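The values are calculated or read from the model by the stated rules, or taken from the named source; none is laboratory data. A quick note: this is a predicted structure, and the numbers were derived from the prediction, not measured. Positions of Cβ are backbone-derived with ideal geometry, glycine not excepted, and every protein chain shown enters the neighbour counts. Note: areas computed on protein heavy atoms with side chains; ligands, DNA, RNA excluded. Shrake-Rupley method; radii C 1.70, N 1.55, O 1.52, S 1.80 Å.
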Amino acid sequence: MTFYKRHAPNHREHDRALPDTSDTTGYKAQDAEALLPDEQWKADVARAKVFGLECADSIEDKSEISCFDRSELPHWSGINTFLRMPYVEDVRRVGEYDVAIVGAPFDIGTTYRPGTRFGPEGIRRISGLYTPYSFELGVDLRESLAICDLGDIYCPSNITKAHDQITKGVAHVLSSGTMPVILGGDHSIGYPTARAVAECVEGKVGIIHLDRHVDTQEKDMDEIMHTCPWFHATNIPNCPPQNLVQLGIGGWQSPRVGVKHGRSMRSTILTIDDIMSLGIDKTLEIALEVAWKGASAVFLSLDIDCVDAGFVPGTGWPEPGGFLPREMLSLVRGVAKEGVVAMEVVEVSPPYDVSDITSLLALRAVCDVLGTMVQHDRIGGKREQAKAKAAAAAAGGVGSDDQG
């Protein structure tokens, strides 16, 4: 008897009823895609043909292709903005957008392996691999959000001056009514970013921090390094340590001086073992309850080294035993369901990376946070406001000068 005849005789050519998969995410996601608009994609294609010229006569399918690359495809081509979103040179226009991508290419606060100054560049480069559409979330960021890339903050090779620059830049974005997503950079930028958030929020700010390290020293080598952001952030009056949640802490790289101060702060720390015991859902319940208690906003700080070192070789302080990528993504999505006022992803060091996998995971985390916020109606609306404003102006309406 041939292998074909012997192979799984009880499972071939059956007439049993098929299992019902209509309640699976995969089944529902296919139907959800049909409900998404494609208006912005069509506008982008039309724009590409105007700015990039019509394609050559020999191109048969002329529906998407222009002569000069001005659109999403091909993924390997074009100028690397984040997800190929528009670069806005005039930062005074940032208020026209829901989200602004901001690079903070700074690694003078690094205590061991440098290279995170190339983090924003690396994340933007690999973002060319992505589309703005998530199958599982049923969200198309291009259709749902007005996103721009502001480029990088000018970070001098001086910790205090660079931190001041970051605070000013992030505060400008937030005070314009736009959510900043900061691409680091070493984790010392957590302090100036938190300082900017605190300046722009009326009331207390909660901080949810994913990391393997406590980062609560006052100084390291006599400077505010990447081991120090939360000592200084929690000294800001409306960023109290009682609203700081630290997830994933552990391993052999938390200096005792930082732990000593952390003990006096009594912030909430959950180790990897805690989280594995509690489960993701319970961890999120605790984190959100603590961060949001009496707070007006929550700031999400993601240090990519919270993930097991085998998945993130491109970082300055790799530590085995961290989260699996899907665990980290579940946590940031859970935080994003309640909304965040700002997000930073730090410690991506492309010189140490392999096949851009560390940059790719940082990119995925940002996209998942934004997609989840769209899914739960925590962000968006600037594009609709702009359309209404334009329509009012065209009709001579009195609302045409509103700033929205």
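Just a few scattered comments:
- Residue among Asp353, Asp377 that is open to solvent by 10 Å² or more (accessible area, probe 1.4 Å), farther than 22 Å from Pro180 by Cβ and either charged (D, E, K, R) or in contact (Cβ under 8 Å) with a residue 40 or more places away in the chain (or both): Asp353
- Residues that are surrounded by fewer than 15 Cβ atoms within 10 Å (Cβ to Cβ) and modelled with pLDDT of 85 or more, drawn from region 380-392: Gly381, Glu384
- Residue within region 301-308 that is within 13 Å of the chain's Cα centre (by Cα) and either part of a loop (DSSP other than H, G, I, E, B) or free of Cβ contacts under 8 Å to residues at least 12 places away in the same chain (or both) present: no
- For Pro74: the one exception among (1) without any contact (Cβ under 8 Å) to a residue 60 or more places away in the chain; (2) over 25 Å from Ile379 (Cα atoms); (3) touching a strand residue (DSSP E or B) at 6+ places or on another chain (Cβ under 7 Å): (3)
- Selected residue [crowded, with 21+ Cβ neighbours inside 10 Å, under 29 Å from Trp292 (Cβ atoms) and among the hydrophobic types (A, V, I, L, M, F, W, C)] from Val201, Val205: Val205
- Check on Asp273, acidic (Asp, Glu) and more than 24 Å from Asp107 (Cβ to Cβ): yes
- Boolean, Gly262 is in a loop (DSSP other than H, G, I, E, B), over 22 Å from the mean Cα position of the chain (by Cα), within 24 Å of Met328 (Cα to Cα) and touching a residue at least 12 places away in the same chain (Cβ under 8 Å): no
- Test: residue in region 230-245 that is of a type in the set (A, V, I, L, M) and out of contact with any helix residue (DSSP H, G or I) (no Cβ under 7 Å at 6 or more places or on another chain): no
- Residue match in region 361-370 (condition: under 23 Å from Ser127 (Cβ atoms) and either small (Gly, Ala, Ser) or in contact with a His (Cβ under 6 Å, 6 or more places away or on another chain) (or both)): yes
- Hits in region 120-177 - residues which are open to solvent by 60 Å² or more (accessible area, probe 1.4 Å) and within 21 Å of Val298 (Cβ to Cβ): His172, Ser175
- Qualifying residue in region 311-325 (condition: open to solvent by 30 Å² or more (accessible area, probe 1.4 Å) and either of a type in the set (D, E, K, R) or closer than 30 Å to Ser175 by Cβ (or both)): no
- Checking Lys5 against (1) surrounded by fewer than 10 Cβ atoms within 10 Å (Cβ to Cβ); (2) charged (D, E, K, R); (3) assigned to a loop (DSSP other than H, G, I, E, B); (4) modelled with pLDDT under 90, the condition it does not meet: (3)
- Of all residues in region 241-259, those satisfying the criterion of being within 24 Å of the chain's Cα centre (by Cα) and not in a helix (DSSP H, G or I) are Leu244, Val245, Gln246, Leu247, Gly248, Ile249, Gly250.
- Of the residues making up region 53-68, those that are out of contact with any helix residue (DSSP H, G or I) (no Cβ under 7 Å at 6 or more places or on another chain) and under 20 Å from Arg142 (Cα atoms) are Ser63, Ile65.
- Scanning region 221-267 for residues that are under 25 Å from Ala162 (Cβ atoms) and of a type in the set (Val, Ile, Thr) yields Ile224, Thr227, Thr234, Ile236, Val257.
- Tally, over region 70-96, of residues that are farther than 24 Å from Ile126 by Cβ and either of a type in the set (Lys, Arg) or open to solvent by 50 Å² or more (accessible area, probe 1.4 Å) (or both): 5
- Residue in region 144-156 that is β-branched (Val, Ile, Thr) and closer than 25 Å to Ser267 by Cβ present: no
- The residues of region 25-69 that are among the acidic types (Asp, Glu), free of Cβ contacts under 8 Å to residues at least 60 places away in the same chain and open to solvent by 80 Å² or more (accessible area, probe 1.4 Å), listed by number, are Asp31, Glu54, Asp57, Glu60, Asp61.
- Residue match in region 282-294 (condition: modelled with pLDDT of 95 or more, hydroxyl-bearing (Ser, Thr, Tyr) and under 23 Å from the mean Cα position of the chain (by Cα)): yes
- So Ile224, is it within 28 Å of Ser359 (Cα to Cα) and surrounded by 24 or more Cβ atoms within 10 Å (Cβ to Cβ): no
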